[in-house]
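A.B. asks: My structure is below; once you've seen it, I'll send some questions.
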């Protein structure tokens, strides 16, 4: 396992959107710094799908911009597929850790990637999964 990091949808969304709120601008800056840090980043197809949907719906992203973004994800980062093993492992993780359906898939993909850290705003900060993965909320002080 490495010090690589798996980045959840919400962190990407902050990095790609603007806000007038000072708090949201601070989160955007923190998200950008996390993405551009020295870690090798992984994400899943689920993250790409969720981010794409939200960028179109909430940030008025155009299809051409979205196409470029998707291509850059595959060229720049490690993208984890939703394979049978990831989906089956997610069911076990949901039962053991009381995760939502979607969070179980994210955690399973993060474990599949071999990352030690999962950066997410919406999951339990500092939660340890199977002594292999720690969930970190990069917006916590």
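The values are calculated or read from the model by the stated rules, or taken from the named source; none is laboratory data. Predicted model, so just to flag it, every value in this text is computed and none were measured. Ideal geometry is used to build each Cβ from the backbone, glycine not excepted, and the neighbour counts take in all protein chains shown.
A.B. asks: Got a sec? Which of 28, 34 is farther than 22 Å from residue 84 by Cα and either surrounded by fewer than 16 Cβ atoms within 10 Å (Cβ to Cβ) or over 14 Å from the mean Cα position of the chain (by Cα) (or both)?
C.D. replies: Of the residues listed, the single one that is farther than 22 Å from residue 84 by Cα and either surrounded by fewer than 16 Cβ atoms within 10 Å (Cβ to Cβ) or over 14 Å from the mean Cα position of the chain (by Cα) (or both) is 28.
A.B. asks: If you go through region 84-113, how many residues are more than 20 Å from residue 14 (Cα to Cα) and surrounded by fewer than 16 Cβ atoms within 10 Å (Cβ to Cβ)?
C.D. replies: 11
A.B. asks: Hand me the list of helices (runs of 4 or more DSSP H) wholly inside region 9-124 holding 1 or more residues that are touching a helix residue (DSSP H, G or I) at 6+ places or on another chain (Cβ under 7 Å) and under 21 Å from residue 140 (Cα atoms).
C.D. replies: Numbers: elements: 9-16, 22-35, 45-59, 63-76, 84-97, 101-113.
Ranges flagged: 9-16, 22-35, 101-113.
A.B. asks: Please specify each residue of region 37-60 satisfying the condition of being at pLDDT 95 or above and surrounded by 18 or more Cβ atoms within 10 Å (Cβ to Cβ).
C.D. replies: Within region 37-60, 41, 42, 43, 44, 46, 47, 48, 50, 51, 52, 55 meet the criteria.
A.B. asks: Kindly indicate the residue of region 125-141 that is part of a loop (DSSP other than H, G, I, E, B), modelled with pLDDT of 95 or more and over 15 Å from the mean Cα position of the chain (by Cα) and also surrounded by the most Cβ atoms within 10 Å (Cβ to Cβ) among those meeting that condition.
C.D. replies: The residue in question is 127.
A.B. asks: Answer yes or no: is there a residue in region 98-117 that is closer than 21 Å to residue 29 by Cβ, in contact with a strand residue (DSSP E or B) (Cβ under 7 Å, 6 or more places away or on another chain) and in contact (Cβ under 8 Å) with a residue 12 or more places away in the chain.
C.D. replies: Yes, region 98-117 contains a residue that is closer than 21 Å to residue 29 by Cβ, in contact with a strand residue (DSSP E or B) (Cβ under 7 Å, 6 or more places away or on another chain) and in contact (Cβ under 8 Å) with a residue 12 or more places away in the chain.
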